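Single-structure report; data block below.
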Amino acid sequence: MSTDHLNIEFALHQIPERLLDESKNPKPHVHSIEKYNELYQESISNPKEFWGRCAKEFLHWHKPFETVLSGGFEHGDISWFQEGQLNASYNCVDRHAIKDPDKVAIIYEADEPGQDRKITYGQLYRDVCRFANVLKHHGLKKGDTVAIYMPMVPEAVIAFLACARLGAVHSVVFAGFSSEALRDRIKDADSKIVITADEGCRGGKIIHTKKIVDDALKECPNVKRVFVFRRTGSDVPFNPSRDLWWHEEIEKQRPYCPPEIVNAEDPLFILYTSGSTGKPKGVLHTVAGYLLGAAVTFKYVFDYHEGDVHGCMADIGWITGHTYIIYGPLINGATTVLFESTPIYPSPSRYWETVSKHKITQFYTAPTAIRLLRKYGREHVDGHDLSSLRLIGSVGEPIQPEAWEWYNEVVGRNECAIIDTYWQTETGSIIISPFPGAVMTKAGSATVPSFGIDLVILDPLTGQEIKETKAEGVLAIRQPWPSIARTVYNNHDLYLRTYLHRYKGYYFTGDGVGRDSDGYYWIRGRVDDVINVSGHRLSTAEIEAALIIHPSVAEAAVIGVHDDLTGQAVHAFTTLKPHCESTDLGELTLQVRKVIGSFATPKKIYVVKDLPKTRSGKIMRRVLRKVVDGETDQLGDLSTLSNPTLIGPLIEAVKNS
Ligand code: ATP
Ligand code: MG
């Protein structure tokens, strides 16, 4: 198979001088490429030593561990620190509340500007204890599962930590999901309690959260208790034999609750994947390994220093929110921002107003938001004081070089570390990313592996490792790391089949990847989405990146469609920027030819109003494929599709083209 076209290597961006100037910035923890190499090499060649040391440095153990790692990929019986005992909420809250009770733990930036609130570690400690006592009083026990379906309010964080305090397992469901999707997740995870709110507010709109819960629970007889936090105070349906008000219950409880000390390998949470490639999987993470992965990457990849304000814009309903709004920052005793609104409410300057108001030092969002803001134009960024920012990051999808450059220049003013971080719900924490202060960047590359991540590229057909530096294939990992998911809840066989047995001896990510001659990694897109035109393997990410360079294009999604002559043909979907009514399709085709080559020329280009995306903002190419194939009655699991009303117009657009 030819991969000649994947020859484009992008220029290295130097580490901004400002980052290395110790009069302006704290010295980065990983301050040179030599330091990165040294730590990385140790983490790979001597993982037990490396992680054993980190586990003692980052976590408080009620009982120390003896064995660092046992088990492996063959049976999926991986266990880290197995004799150790600890409590996640003690690690996230108590020890900081004891040391520095007045330090701000959470900055809550509410949907309406001006309604922000700060919660100290001391306050968080008392709130978590009180709510844990509420749950305990109502019968919650170690190992029980609790569904959390809540807006982005501090009480959601309190709910996470109260579950963890009791050794219960939280299963957070993004509060934008429908009642059916919520019902399925409650049933699948065997949740016995639901924690929710009366309503949610997002982008000036009201979400009828409690009503959705009531609908979902019609078919969940095992849920005996629903705790309702009052967010808006509107009248909502209330079932007195089942429902309880948060504010009434916590008044009854004292702000002390001893943490339930659990085993290192006890479950901490279940979380469903985004559903980009199929039915979401209920991924299970365990206490110690997950916390350690979150803590170590938070410190080193985000280069956290005392006094920083960490602004992760994700929702707590996704792994990014779990790891980099809640667990990573709180384990490190950091100040974390909880952002309830959207990037464009009340205007496309909302992020930048928030950065300047709270003096955010690390800002983390997704390519979908960056593309959205780029579409609105830089005038919404310029003029805001972004001088507090030291690092800007992105996660969730490949970031097109065009969008990366925009982010770097317009938001980062070429003065910030810019990190494209690659990871998955299943990896628990970042596995590929530049280390600020140590690794030079390239627009569109996630660059180098994080500590303990033994990356390899496999030949997709033979499963053999490709040893040459320059390589194309599928991304896999050769040895377990602490925050790898331990199973798919109630379906270990699916876990083994999906991740560990596809290529024996490796964890398989499901993503295609390239490695350039500098050893930098480039995520090419989902293996399921790879397109093969006359023997050329084409990456969706690459063709989309070429399309988005055109000044009229806001977003692009590319799929492979059966073709009698070439095996597959490229079909491209694009949305346009606001000022563009239409575009010259010939120019778009030319753009792809120029950047990649004539073999990648789209056979068809559809201009549409909107692309199908998951609720976490990822493009769902599988839906586009079905629409083009005319299989509109077999669109698959659509529970995670954020905008189901686009399907009709999409089918029309394809039909009329
Ligand atoms: P499902 O597994 O249900 O199909 P999903 O894979 O979208 O859903 P997540 O775990 O939220 O669910 O997303 C992980 C995936 O997101 C990765 O496998 C990768 O395809 C993509 N991804 C995340 N970060 C990046 C990044 N920085 N660059 C490229 N791709 C990324
Ligand atoms: Mg996935």
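One table, with the values for the structure above:
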{"read-out": "The stretch 582-605: number of residues that are in contact with a Ser or Thr (Cβ under 7 Å, 6 or more places away or on another chain) and without any contact (Cβ under 8 Å) to a residue 12 or more places away in the chain", "value": "1"}
{"read-out": "Lone qualifier among Tyr90, Tyr36, Tyr40 - being touching a His at 6+ places or on another chain (Cβ under 7 Å) and in a helix (DSSP H, G or I)", "value": "Tyr90"}
{"read-out": "Residue count, the stretch 517-530 (criterion: more than 16 Å from ligand 2 (Cβ to nearest atom) and under 29 Å from Ala485 (Cα atoms))", "value": "4"}
{"read-out": "Within the stretch 353-372, considering residues that are within 19 Å of the chain's Cα centre (by Cα) and among the hydrophobic types (A, V, I, L, M, F, W, C), the one farthest from Ile319 (Cα to Cα)", "value": "Leu372"}
{"read-out": "Segments classed as strands (runs of 3 or more DSSP E), wholly inside the stretch 310-406, with at least 1 members that are at pLDDT 95 or above, farther than 17 Å from Phe298 by Cβ and away from ligand 1 (no atom under 16 Å from the Cβ)", "value": "335-339"}
{"read-out": "Any strands (runs of 3 or more DSSP E) falling wholly within the stretch 479-584 and containing at least 2 residues that are away from ligand 1 (no atom under 16 Å from the Cβ)", "value": "531-533, 536-538, 553-563, 567-576"}
{"read-out": "Verdict on Lys594 being basic (Lys, Arg) and not in a helix (DSSP H, G or I)", "value": "no"}
{"read-out": "Number of positions in the stretch 628-657 that are among the β-branched types (Val, Ile, Thr), closer than 16 Å to Asp528 by Cβ and more than 16 Å from ligand 1 (Cβ to nearest atom)", "value": "1"}
{"read-out": "Qualifying residue in the stretch 93-110 (condition: among the small types (Gly, Ala, Ser), touching a Cys at 6+ places or on another chain (Cβ under 8 Å), assigned to a loop (DSSP other than H, G, I, E, B) and modelled with pLDDT of 95 or more)", "value": "yes"}
{"read-out": "Pairs where the first residue, in the stretch 2-29, is closer than 30 Å to Ser534 by Cβ and the second is of a type in the set (A, V, I, L, M) and at pLDDT 90 or above, C-beta under 6 Å, 6+ apart", "value": "Phe10/Ala443"}
{"read-out": "Tally of residues being buried (at least 22 other Cβ atoms within 10 Å of the Cβ) and within 16 Å of ligand 2 (Cβ to nearest atom) across the stretch 402-449", "value": "11"}
{"read-out": "Residue in the stretch 452-465 that is within 27 Å of Leu386 (Cα to Cα), more than 15 Å from ligand 1 (Cβ to nearest atom) and not small (Gly, Ala, Ser) present", "value": "no"}
{"read-out": "Some residue of the stretch 522-540 being under 30 Å from Thr67 (Cα atoms) and among the hydroxyl-bearing types (Ser, Thr, Tyr)", "value": "no"}
{"read-out": "Residue in the stretch 254-270 that is within 16 Å of ligand 1 (Cβ to nearest atom), under 30 Å from Arg526 (Cα atoms) and modelled with pLDDT of 95 or more present", "value": "yes"}
{"read-out": "Selected residue (only one of Val533, Val553, Val513 is among the β-branched types (Val, Ile, Thr) and within 16 Å of ligand 2 (Cβ to nearest atom))", "value": "Val513"}
{"read-out": "Near pairs, Cβ below 7 angstrom, 6+ apart or cross-chain, from the stretch 531-542 (modelled with pLDDT under 90) to any residue that is among the aromatic types (Phe, Trp, Tyr)", "value": "Ser534/Phe599; His536/Phe599"}
{"read-out": "Condition check for Val608: surrounded by 14 or more Cβ atoms within 10 Å (Cβ to Cβ), farther than 30 Å from Gly317 by Cβ and touching a residue at least 40 places away in the same chain (Cβ under 8 Å)", "value": "no"}
{"read-out": "Check on Gly203, more than 16 Å from ligand 2 (Cβ to nearest atom), at positive phi and free of Cβ contacts under 8 Å to residues at least 40 places away in the same chain", "value": "no"}
{"read-out": "Condition broken by Gly307, with the remaining ones in (1) within 16 Å of ligand 2 (Cβ to nearest atom); (2) under 21 Å from Pro28 (Cα atoms) satisfied", "value": "(1)"}
{"read-out": "Residue list for the stretch 272-309, filter: within 11 Å of ligand 1 (Cβ to nearest atom) and either over 25 Å from Val68 (Cβ atoms) or of a type in the set (Phe, Trp, Tyr) (or both)", "value": "Tyr272, Thr273, Ser274, Gly275, Ser276, Thr277, Gly278, Lys279, Pro280, Lys281, Gly282"}
{"read-out": "The stretch 422-444, residues that are of a type in the set (S, T, N, Q) and near ligand 1 (Cβ under 9 Å from one of its atoms)", "value": "Gln424, Thr425, Thr427, Ser433"}
{"read-out": "Every residue from the stretch 200-213 that is surrounded by fewer than 19 Cβ atoms within 10 Å (Cβ to Cβ) and touching a Pro at 6+ places or on another chain (Cβ under 8 Å)", "value": "Arg202, Gly204, Ile207, Lys211"}
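The values are calculated or read from the model by the stated rules, or taken from the named source; none is laboratory data. Quick caveat, the model's predicted, so the values are computed rather than measured. Here Cβ is always computed from backbone atoms with ideal geometry, including for glycine, and neighbour counts include all displayed protein chains.
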